[in-house]
């Protein structure tokens with residue numbers, strides 16, 4: 001006889017009844033896995049947010065560090081010839097002897113006047129007769145007319161501090177810049193035209209040169225502004241901000257310009273800069289405002305360079 005196939009026996013495990021505790025453990029595991037999945041996603045989302053935050057902070061810090069470099073490369077900050085001379089004077093140590101900004105006041109034992117002369121307040125007129133002699137002082141420490149003067153030699157020998165000669169250290173362009181700076185701060189340049197000369201008096205009384213630099217040469221910092229400084233009157237910065245006489249009068253009387261305020265970039269920087277242009281409407285008559293317009297136009301047209309020392 002052929003043997004009948006044996007019926008497979010159920011596994012003890014398969015056949016074992018599912019008890020309440022078994023079902024409870026199974027349900028708990030499912031719930032644990034269900035809960036674990038969202039937490040895992042939350043952790044990944046949190047890590048992404050943290051990385052994004054670090055990236056934003058890093059970019060912001062790099063922006064703060066490198067913005068001046070990027071700004072200078074893109075916007076080409078302006079430095080007038082006189083301002084270049086001021087920076088060179090600081091590098092060469094001129095202010096150590098001639099006082100801050102060339103204002104004098106530094107003692108010099110043995111000298112006839114007891115102090116080293118400055119460049120400002122018309123002091124220069126006691127030492128130089130023309131712009132050529134400014135250059136001679138820079139190059140040789142004295143003007144050519146005094147080279148063989150025995151009295152000058154004796155006076156120089158008696159004093160403790162002597163003017164150095166920079167002939168072998170400076171290039172012609174650097175001498176030009178230094179001479180331009182000394183001219184601007186000397187107080188010996190005045191417009192020949194009466195209206196502009198009146199404007200010079202008004203500008204000094206209103207403190208214009210305190211912010212815009214002596215005779216508008218620029219160089220005063222202004223944190224938060226587009227280029228980082230207060231524009232002067234001598235170059236393209238002024239011509240970009242002032243298109244005609246009406247805009248110049250608006251700047252003077254109101255302290256701002258609607259055209260700039262409405263500009264999306266210009267207006268934003270104007271609102272965030274620390275030093276704001278004052279409004280002089282209540283302090284100036286129409287005639288004084290017109291005089292300031294005449295002065296600033298004279299400066300921007302280069303009149304200060306063509307006018308001989310007075």
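The values are calculated or read from the model by the stated rules, or taken from the named source; none is laboratory data. No experiment lies behind these values; they were computed from the predicted model shown. Because the Cβ atoms are built from the backbone with ideal geometry, glycine has one as well, and the counts that use them run over all protein chains shown.
Of all residues in segment 154-172, count the ones that are within 17 Å of residue 117 (Cα to Cα) and outside any loop (DSSP other than H, G, I, E, B).
Count: 4.
Report, by residue number, each residue of segment 93-122 that is touching a residue at least 12 places away in the same chain (Cβ under 8 Å), assigned to a loop (DSSP other than H, G, I, E, B) and under 20 Å from residue 170 (Cβ atoms).
Across segment 93-122, the qualifying residue is only 119.
Take the residues of segment 126-140 that are without any contact (Cβ under 8 Å) to a residue 24 or more places away in the chain and part of a helix (DSSP H, G or I): which is farthest from residue 306 (Cα to Cα)?
Only one residue fits best here, namely 126.
Hey, does segment 153-163 have a residue that's under 18 Å from residue 106 (Cβ atoms) and touching a strand residue (DSSP E or B) at 6+ places or on another chain (Cβ under 7 Å)?
yes
For segment 244-271, what are the residues that are under 26 Å from residue 190 (Cα atoms), in contact (Cβ under 8 Å) with a residue 12 or more places away in the chain and surrounded by fewer than 16 Cβ atoms within 10 Å (Cβ to Cβ)?
Scanning segment 244-271 gives 245, 247, 255.
Say whether the condition of being modelled with pLDDT of 95 or more and within 19 Å of residue 189 (Cα to Cα) is met by at least one residue in segment 101-117.
no
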